[in-house]
Amino acid sequence: MGYANPNVLVETAWVAEHLNDPTLRIIEVSVDTTAYEQGHVPGAIGLNWKTELADQLRRDLPSTAQFETLLSRAGIRNDHTVIFYGDNNNWFAAWAYWITQYYGHASAQIMNGGRKKWVDEGRPLTTEVPSYPPTQYVAKEPNAAIRAFREDVLGNLGRPDRGLVDVRSPKEYTGELLAPENLPQEGAQRGGHIPGAANIPWGLAVREDGTFKSADELTALYIGNGITPDKEIIAYCRIGERSSHTWFVLDRLLGYPKVRNYDGSWTEWGSLVNVPIEK
Amino acid sequence: MSSIVTVEAIKGLVGRRATLRLAPEAGSSPSVTGRVVGVLDALDGLIVTLEPDGAAPGARLTYHYHHIADIAPAEPGA
């Protein structure tokens with residue numbers, strides 16, 4: 001069995017051979033926002049997840065107008081194929097991919113293995129920042145079918161036809177930690193998980209080199225934990241980026257028909273008044 | 001879940017056979033022995049990939065290190 005949508009992944013070797021392809025825009029989105037300046041794939045654009053892929057006033061995704069301005073300024077046209085990669089196994093590359101799908105970009109891919117695989121293979125990096133002519137990017141209507149809000153999660157609690165997957169580390173799931181262990185322990189008032197959520201850490205979906213596991217392995221992983229394609233699935237983590245990675249696996253690689261990312265995630269749920277929490 | 005296994009201890013076993021004692025939450029057998037193929041280091045902890053003894057060629061098991069209660073080198077052929 002192969003991936004449901006194999007065209008959403010691209011290998012590092014292919015990218016290396018297409019660095020000057022005018023139909024592509026390669027985009028780095030790393031957790032470490034200084035990584036791009038230290039060296040990036042030649043020709044790649046750098047986007048900052050903190051300042052560019054989020055509204056700077058409300059806690060929200062960039063608005064349609066902000067997204068259009070961002071992509072237009074970066075020189076991305078609607079007919080470009082955008083290829084995302086980043087550090088930490090594409091956490092925020094997957095986030096950026098999910099946002100582009102929220103706004104209906106036609107052709108988007110993730111570079112399998114991300115920045116680390118590119119570097120490990122000894123491929124070139126540059127500090128030269130490319131300059132592409134500005135465009136007039138036009139976003140589509142937001143695709144509400146791939147995004148979940150807290151009301152959606154509340155409405156799903158206890159329903160056998162719905163599945164919740166908590167993709168954080170086991171100690172975040174149990175409430176021993178409020179955030180990844182290598183980050184400040186902040187962002188939520190309480191620890192634990194949403195009742196009924198299965199804990200399938202995002203990292204179980206990848207091999208030791210960071211590339212995605214085969215479709216058979218992924219299917220066994222999720223079905224074995226009750227996350228089956230007949231259910232409506234909501235994935236969450238702490239702030240929505242790791243769950244974008246799992247959304248990508250379930251929706252794009254495995255072709256589950258109804259998968260949403262709850263980008264409010266634990267920093268919202270763990271701070272809400274009067275919602276159930278399990279430990 | 002109070003793992004005392006350190007990242008360094010696991011990384012030191014990459015390429016070697018080891019026995020992992022697993023927390024019940026791992027959803028696996030209580031222990032597994034095999035070659036530690038590699039580790040993936042992320043901000044939220046280590047992912048450990050193991051080639052279990054007796055499995056089909058290429059078969060892999062993957063664990064988050066929070067689920068590893070103990071890890072020790074396995075004797076050759078044990």
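Mind counting the residues in the range A:249-259 that are surrounded by fewer than 24 Cβ atoms within 10 Å (Cβ to Cβ) and not in a helix (DSSP H, G or I)?
5
Could you please find all residues in the range A:169-185 being of a type outside the set (Val, Ile, Thr) and out of contact with any His (no Cβ under 6 Å at 6 or more places or on another chain)?
Selection gives A:172, A:175, A:176, A:177, A:178, A:179, A:180, A:181, A:182, A:183, A:184, A:185.
Counting only residues that are under 17 Å from residue A:3 (Cα atoms) and facing chain B (nearest Cβ under 9 Å), which one in the range A:211-248 is surrounded by the most Cβ atoms within 10 Å (Cβ to Cβ)?
Here the residue is A:213.
Determine which member of the set A:32, A:21, A:55 is at pLDDT below 95 and among the charged types (D, E, K, R).
A:32
Kindly indicate which of B:53, B:44, B:70 is among the acidic types (Asp, Glu) and either free of Cβ contacts under 8 Å to residues at least 24 places away in the same chain or in contact with a helix residue (DSSP H, G or I) (Cβ under 6 Å, 6 or more places away or on another chain) (or both).
Only one candidate passes the filter, namely B:44.
Would you tally the residues in the range A:9-28 being touching an Asp or Glu at 6+ places or on another chain (Cβ under 9 Å) and surrounded by 14 or more Cβ atoms within 10 Å (Cβ to Cβ)?
The qualifying residues number 3.
Filter the range A:191-210 down to the residues that are of a type in the set (Gly, Ala, Ser) and facing chain B (nearest Cβ under 8 Å), then identify the one that is surrounded by the fewest Cβ atoms within 10 Å (Cβ to Cβ).
For the range A:191-210, the residue satisfying everything is A:210.
Among the numbered criteria (1) assigned to a loop (DSSP other than H, G, I, E, B); (2) surrounded by 17 or more Cβ atoms within 10 Å (Cβ to Cβ); (3) under 17 Å from the mean Cα position of the chain (by Cα); (4) in contact (Cβ under 8 Å) with a residue 40 or more places away in the chain, which single criterion is violated by residue A:3?
(3)
Determine whether residue A:188 is part of a helix (DSSP H, G or I) and more than 10 Å from every other protein chain (Cβ to nearest Cβ).
no
So, of the residues in the range A:78-118 that are more than 23 Å from residue A:265 (Cα to Cα) and surrounded by fewer than 17 Cβ atoms within 10 Å (Cβ to Cβ), which turns out to be nearest to the other protein chains (Cβ to nearest Cβ)?
A:107
Of all residues in the range B:19-50, which are of a type in the set (D, E, K, R), facing another protein chain (nearest Cβ under 10 Å) and part of a strand (DSSP E or B)?
B:41
Results for (1) buried (at least 22 other Cβ atoms within 10 Å of the Cβ); (2) within 19 Å of residue A:240 (Cα to Cα); (3) within 23 Å of the chain's Cα centre (by Cα), shown as yes or no for each residue.
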{"residue": "A:121", "(1), (2), (3)": "no, no, no"}
{"residue": "A:130", "(1), (2), (3)": "no, no, no"}
{"residue": "A:138", "(1), (2), (3)": "no, no, yes"}
{"residue": "A:154", "(1), (2), (3)": "no, yes, yes"}
{"residue": "A:167", "(1), (2), (3)": "yes, yes, yes"}
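Return the residues of the range B:53-78 that are in a strand (DSSP E or B) and within 14 Å of chain A (Cβ to nearest Cβ); say none if nothing qualifies.
B:61, B:62, B:63, B:64, B:68, B:69
The values are calculated or read from the model by the stated rules, or taken from the named source; none is laboratory data. The shown structure was predicted, so the numbers you read here are calculated from the model rather than taken from an experiment. Neighbour counts run over all protein chains shown; Cβ positions are idealised from the backbone, glycine included.
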